[in-house]
Amino acid sequence: VQLQASGGGLVQAGGSLSLSCAVSGRTIGMYSMGWFRQPPGKEREFVAAITWSGDSTSYADSVKGRFTISRDNAKNTVSLQMNSLKAEDTALYYCAADRRWHVSSKLAREYDYWGQGTQVTVSS
(Lines give C-alpha, C1' and ligand atoms only; values in the text may rest on other atoms or scores of the structure.)
Protein backbone atom coordinates (compact mmCIF):
# COMPACT_ATOMS: atom_id res chain seq x y z
CA VAL A 1 0.00 0.00 0.00
CA GLN A 2 1.37 3.40 -0.97
CA LEU A 3 0.11 6.73 0.30
CA GLN A 4 0.86 10.02 -1.39
CA ALA A 5 -0.03 13.23 0.43
CA SER A 6 -0.30 16.53 -1.40
CA GLY A 7 -1.77 19.99 -1.13
CA GLY A 8 0.53 21.58 1.41
CA GLY A 9 1.89 25.07 1.01
CA LEU A 10 2.28 28.51 2.51
CA VAL A 11 -0.84 30.33 3.68
CA GLN A 12 -1.59 33.33 5.84
CA ALA A 13 -3.23 32.93 9.22
CA GLY A 14 -6.98 32.72 8.82
CA GLY A 15 -6.68 31.13 5.42
CA SER A 16 -7.55 27.65 4.18
CA LEU A 17 -5.82 24.68 2.62
CA SER A 18 -7.04 21.32 1.47
CA LEU A 19 -4.79 18.29 1.76
CA SER A 20 -5.31 15.13 -0.21
CA CYS A 21 -3.96 11.63 0.22
CA ALA A 22 -4.04 9.20 -2.68
CA VAL A 23 -3.88 5.51 -1.86
CA SER A 24 -2.60 2.91 -4.29
CA GLY A 25 -1.90 -0.76 -4.10
CA ARG A 26 -5.07 -1.70 -2.26
CA THR A 27 -8.56 -0.29 -2.20
CA ILE A 28 -8.90 2.45 0.37
CA GLY A 29 -12.20 0.96 1.49
CA MET A 30 -10.27 -1.66 3.45
CA TYR A 31 -8.72 0.92 5.77
CA SER A 32 -9.51 3.57 8.27
CA MET A 33 -7.52 6.68 7.46
CA GLY A 34 -5.87 9.29 9.60
CA TRP A 35 -3.99 12.54 9.39
CA PHE A 36 -1.11 13.33 11.71
CA ARG A 37 1.29 16.24 11.85
CA GLN A 38 4.74 16.97 13.18
CA PRO A 39 5.44 20.59 14.09
CA PRO A 40 9.05 21.77 13.97
CA GLY A 41 11.01 20.36 16.90
CA LYS A 42 8.04 18.43 18.26
CA GLU A 43 6.69 14.91 18.16
CA ARG A 44 4.13 13.65 15.71
CA GLU A 45 0.57 14.31 16.83
CA PHE A 46 -2.89 13.19 15.87
CA VAL A 47 -5.07 15.49 13.76
CA ALA A 48 -8.08 13.57 12.45
CA ALA A 49 -9.28 10.09 11.54
CA ILE A 50 -12.16 8.50 9.66
CA THR A 51 -13.48 4.95 9.42
CA TRP A 52 -13.81 3.10 6.13
CA SER A 53 -17.45 4.08 5.67
CA GLY A 54 -16.99 7.66 6.79
CA ASP A 55 -19.66 7.28 9.44
CA SER A 56 -17.27 7.90 12.30
CA THR A 57 -14.65 10.61 12.59
CA SER A 58 -12.44 11.89 15.36
CA TYR A 59 -10.46 15.10 15.75
CA ALA A 60 -7.81 16.55 17.97
CA ASP A 61 -9.24 19.23 20.22
CA SER A 62 -6.88 21.77 18.68
CA VAL A 63 -8.46 21.42 15.22
CA LYS A 64 -12.07 20.60 16.08
CA GLY A 65 -14.45 22.94 14.30
CA ARG A 66 -11.75 24.13 11.88
CA PHE A 67 -10.64 20.95 10.10
CA THR A 68 -12.78 18.38 8.30
CA ILE A 69 -11.69 14.92 7.24
CA SER A 70 -13.49 13.17 4.41
CA ARG A 71 -12.94 10.30 2.04
CA ASP A 72 -13.93 9.16 -1.42
CA ASN A 73 -13.56 5.40 -1.61
CA ALA A 74 -14.36 5.37 -5.31
CA LYS A 75 -11.38 7.63 -5.96
CA ASN A 76 -9.16 6.03 -3.30
CA THR A 77 -8.54 9.36 -1.63
CA VAL A 78 -8.89 10.96 1.77
CA SER A 79 -8.91 14.71 2.28
CA LEU A 80 -8.36 17.18 5.08
CA GLN A 81 -10.01 20.56 4.68
CA MET A 82 -8.29 23.06 6.94
CA ASN A 83 -9.96 26.39 7.63
CA SER A 84 -9.12 29.29 9.94
CA LEU A 85 -5.50 28.23 9.96
CA LYS A 86 -3.24 29.38 12.75
CA ALA A 87 0.52 29.70 13.01
CA GLU A 88 0.52 26.72 15.37
CA ASP A 89 -0.89 24.55 12.57
CA THR A 90 2.50 24.79 10.85
CA ALA A 91 3.79 21.25 10.51
CA LEU A 92 4.61 18.38 8.22
CA TYR A 93 1.31 16.61 7.64
CA TYR A 94 1.13 12.85 7.11
CA CYS A 95 -1.68 10.59 6.04
CA ALA A 96 -1.84 7.05 7.37
CA ALA A 97 -3.87 3.87 6.88
CA ASP A 98 -5.11 1.48 9.56
CA ARG A 99 -6.16 -2.05 8.61
CA ARG A 100 -8.80 -1.96 11.35
CA TRP A 101 -11.34 -0.40 9.00
CA HIS A 102 -13.96 0.15 11.69
CA VAL A 103 -11.76 2.14 14.12
CA SER A 104 -10.80 5.82 13.90
CA SER A 105 -7.71 5.65 16.09
CA LYS A 106 -5.82 8.64 17.50
CA LEU A 107 -2.68 6.59 18.11
CA ALA A 108 0.08 6.74 15.51
CA ARG A 109 1.46 3.35 16.53
CA GLU A 110 -1.80 1.68 15.48
CA TYR A 111 -1.48 2.75 11.84
CA ASP A 112 0.09 0.35 9.38
CA TYR A 113 1.03 2.51 6.40
CA TRP A 114 2.26 6.08 6.09
CA GLY A 115 2.69 8.64 3.36
CA GLN A 116 5.74 10.84 2.96
CA GLY A 117 4.28 14.05 4.35
CA THR A 118 3.36 17.43 2.94
CA GLN A 119 4.48 20.71 4.49
CA VAL A 120 1.95 23.25 5.72
CA THR A 121 3.30 26.64 6.75
CA VAL A 122 1.00 29.27 8.22
CA SER A 123 2.38 32.78 8.45
CA SER A 124 1.11 35.05 11.18
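The values are calculated or read from the model by the stated rules, or taken from the named source; none is laboratory data. Note that the structure is predicted; figures quoted are calculated from it, not measured. Note: ideal-geometry Cβ built from the backbone for every residue, glycine included; neighbour counts use all protein chains shown. Only protein heavy atoms, including side chains, enter the accessible area calculation; ligands, DNA and RNA are left aside. Shrake-Rupley method; radii C 1.70, N 1.55, O 1.52, S 1.80 Å.
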Exercise. Report ³J(HN,Hα) in whole Hz for each residue of segment 72-88, in order, from the Karplus equation J = 6.51 cos²θ - 1.76 cosθ + 1.60 where θ = phi - 60°; Gly and Pro get x.
Key: 10, 5, 5, 9, 6, 9, 10, 10, 9, 8, 10, 10, 6, 5, 10, 4, 6
Quiz item: Which value, in Å², gives the accessible area per residue of the chain when a 1.4 Å probe is used on the protein heavy atoms?
Solution: 49
Practice problem: Consider all pairwise Cα distances in segment 53-112 and report the whole-number % of them above 18 Å. | Solution: 39
Self-check item: Sites Val1 and Ala87 - FRET efficiency at Förster radius 35 Å, r taken between beta-carbons, to 0.05
Solution: 0.55
Practice problem: Tally up the carbon and sulfur contribution to the accessible surface of segment 1-77 as a whole percent, 1.4 Å probe, everything protein left in place. | Solution: 47
Practice problem: For the chain, calculate the relative contact order in percent as a whole number, restricting contacts to Cα pairs under 8 Å that are 6 or more residues apart. | Solution: 37
Quiz prompt | Karplus 3J(HN,Hα) series, Hz, for segment 8-23 with 6.51 cos²θ - 1.76 cosθ + 1.60 (x for Gly, Pro) | solution = x, x, 9, 9, 7, 4, x, x, 10, 9, 10, 9, 10, 10, 9, 10
Practice problem: Using Cα positions and a limit of under 29 Å, work out the lysines in reach of Lys86, with same-chain residues fewer than 8 apart set aside. | Solution: Lys42, Lys64, Lys106
